[in-house]
Amino acid sequence: MKEIFIEVRDFIKKDFNLFAYAYTFVLLGILLYFNYKFNFEKTYIDRTYGSYKGFWVYPLYYLTPYYFVMIPVLFIKNEQHKLLQKEFWVKSIIYIGTFGITVAFWQHRKWFDFSEFPAADRFFILRIFDEIKRFVPFLIIFYAVKRYYDKEDTHLLGLRFKGNNYRPFFLMLLLMLPLIALASFQTDFQHTYPQFKYWFYGGAFEMTKLQTMGVFEMAYGLDFVSVELLFRGALIIGMAKILGKDAVLPMAAAYVILHFGKPLGEAISSFFGGFILGVHSLSKRNIFGGIVIHVGIAYLMEIAAVLQHFYG
């Protein structure tokens with residue numbers, strides 16, 4: 001814990017600019033207000049899912065807050081010359097655009113005829129695909145970008161075990177236990193989690209309900225690996241050569257938008273979690289610490305929700 005605290009403290013000493021941080025917080029406050037007051041994402045963005053319109057709406061939706069923070073902050077810090085680098089625009093558009101396209105992707109529901117499957121099997125296989133549909137495209141496309149711009153790197157955007165101390169992250173998980181336990185009593189938490197409410201469905205593909213949930217949770221965890229590969233890998237390590245420390249604040253802001261479908265408290269806290277993990281990945285050029293904490297918290301929330309269902 002001390003190591004991470006020192007990393008964040010030293011980073012803020014070097015990076016902090018009152019106007020840049022104040023602008024970011026005000027912008028995020030406005031975006032949070034409009035989303036949770038008017039249900040913006042669900043009403044205006046998610047309605048494009050299932051149509052080809054979504055393939056440009058979702059990339060723009062995630063690119064906009066990233067640029068709305070990045071561009072003004074660089075001007076405030078008098079670092080706007082970084083925007084003149086073609087590599088910045090190519091990488092940011094490919095990284096975030098790929099994410100938006102995979103979110104919008106729905107064609108698997110037409111490519112395969114699931115109508116003959118029993119309801120439980122059909123629901124299960126679609127949920128599994130929704131959880132893993134980002135992972136393989138990310139690996140392929142991000143590797144291609146790395147081979148073109150960052151050949152000297154021996155790892156894919158921090159996806160390596162070496163060069164990290166994992167003890168602080170497991171300690172963080174222990175510290176999160178009481179907070180997650182308290183949150184599990186909230187109505188919006190119980191409505192959202194667990195992500196796969198397996199008690200509503202019979203065991204898919206002749207598996208027991210617990211086996212079905214176990215397979216789903218493995219796929220669910222893999223999706224968080226994809227998220228870390230994008231936000232702490234691509235948007236921090238992949239952009240560090242161009243932006244240096246200026247990569248962190250816009251990434252953390254964009255990370256909040258990813259959580260707009262989650263409870264408000266989780267969306268707000270995601271900024272601080274994303275910021276800390278971004279600082280750490282920039283320092284260590286390693287994203288596995290983030291994977292440990294991200295997947296660990298996700299699984300703890302799933303477990304807490306299941307316990308609430310049966311014993312709450």
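So how tilted is helix 264-284 from the main axis of the chain? Cα-based, degrees 0 to 90, rounded to 10. Result, in degrees: 50. Charging the Cβ of each Asp and Glu at -1 and of each Lys and Arg at +1, and nothing else, the dipole of the chain about its Cα centre rounds to 680 debye. With contributions of -39500 (n - 2.57) from each DSSP H run of at least four residues, the per-residue ellipticity at 222 nm computed over the chain stands at -22500 deg cm²/dmol. By the Stokes-Einstein formula, at 1.002 mPa s and 20 °C, the chain with its Kirkwood radius over alpha-carbon pairs has D equal to 104 µm²/s.
Would you mind telling me which residue in Lys53, Lys133, Lys82 has the biggest mean-square fluctuation in a Gaussian network model of the chain, where springs connect alpha carbons within a distance under 10 angstrom? With Cα springs under 10 Å in the chain, the top fluctuation among Lys53, Lys133, Lys82 is at Lys53. Restricting the GluC sites (Glu not before Pro) of region 1-89 to loop positions (DSSP other than H, G, I, E, B) with no more than 14 neighbouring Cβ atoms within 10 Å leaves nothing. Each of Arg232, Arg147 was scored by other Cβ atoms within 10 Å of its Cβ. Listed from fewest to most, they are Arg147, Arg232. Legend: distances between Cα atoms for Lys133/Lys241; Lys162/Lys284; Lys42/Lys110; pairs beyond 18 Å are Lys133/Lys241; Lys42/Lys110.
Measure nothing but the geometry: give the 0 to 90° angle between the long axis through the Cα atoms of 248-258 and the longest principal axis through the Cα atoms of the chain, rounded to 10°. Approximately 20 degrees, to the nearest 10. For region 23-176, the dipole from Cβ point charges (+1 on Lys and Arg, -1 on Asp and Glu) about the Cα centre works out to 180 debye, to the nearest 20. Net charge dipole, region 212-312: roughly 420 debye, given to the nearest 20, about the Cα centre with Cβ charges of +1 for Lys and Arg and -1 for Asp and Glu.
Taking 15 Å as the straight-line reach from the Cα of Lys146, the aspartates and glutamates in range (excluding those fewer than 8 positions away in the same chain) are Glu87. Could you tally the net charge around Gln211, taking each other residue with its Cβ under 14 Å from the Cβ of Gln211, Lys/Arg +1 and Asp/Glu -1? After counting each charged neighbour, the total is -2. Cβ crowding within 10 Å ranks Leu60, Leu28 as Leu60, Leu28, fewest other Cβ atoms first.
Expressed as an acute angle from 0 to 90° and rounded to the nearest 10, what is the orientation of the C-alpha long axis of helix 86-104 relative to the principal long axis of the chain? For 86-104 against the chain, the angle is about 10 degrees. Of all the options Ser115, Ser226, Ser283, the one that moves most in a Gaussian network model of the chain with Cα springs shorter than 10 angstrom is Ser115.
Taking the fewest neighbouring Cβ atoms within 10 Å as the starting point, the ordered list for Tyr44, Tyr220 is Tyr44, Tyr220.
When the Gaussian network model of the chain links Cα atoms closer than 10 Å, the mean-square fluctuations of Val69, Val145, Val215 top out at Val215.
With K and R counted +1 and D and E -1, the other residues having a Cβ less than 13 Å from that of Phe161 yield a net charge of +4.
Here, each number is a calculation from the coordinates, and none is a lab measurement. The model shown is predicted, which means the values in this text are computed figures rather than measured ones. Reconstructed Cβ throughout: ideal geometry from the backbone, glycine too, with neighbour counts over all protein chains shown.
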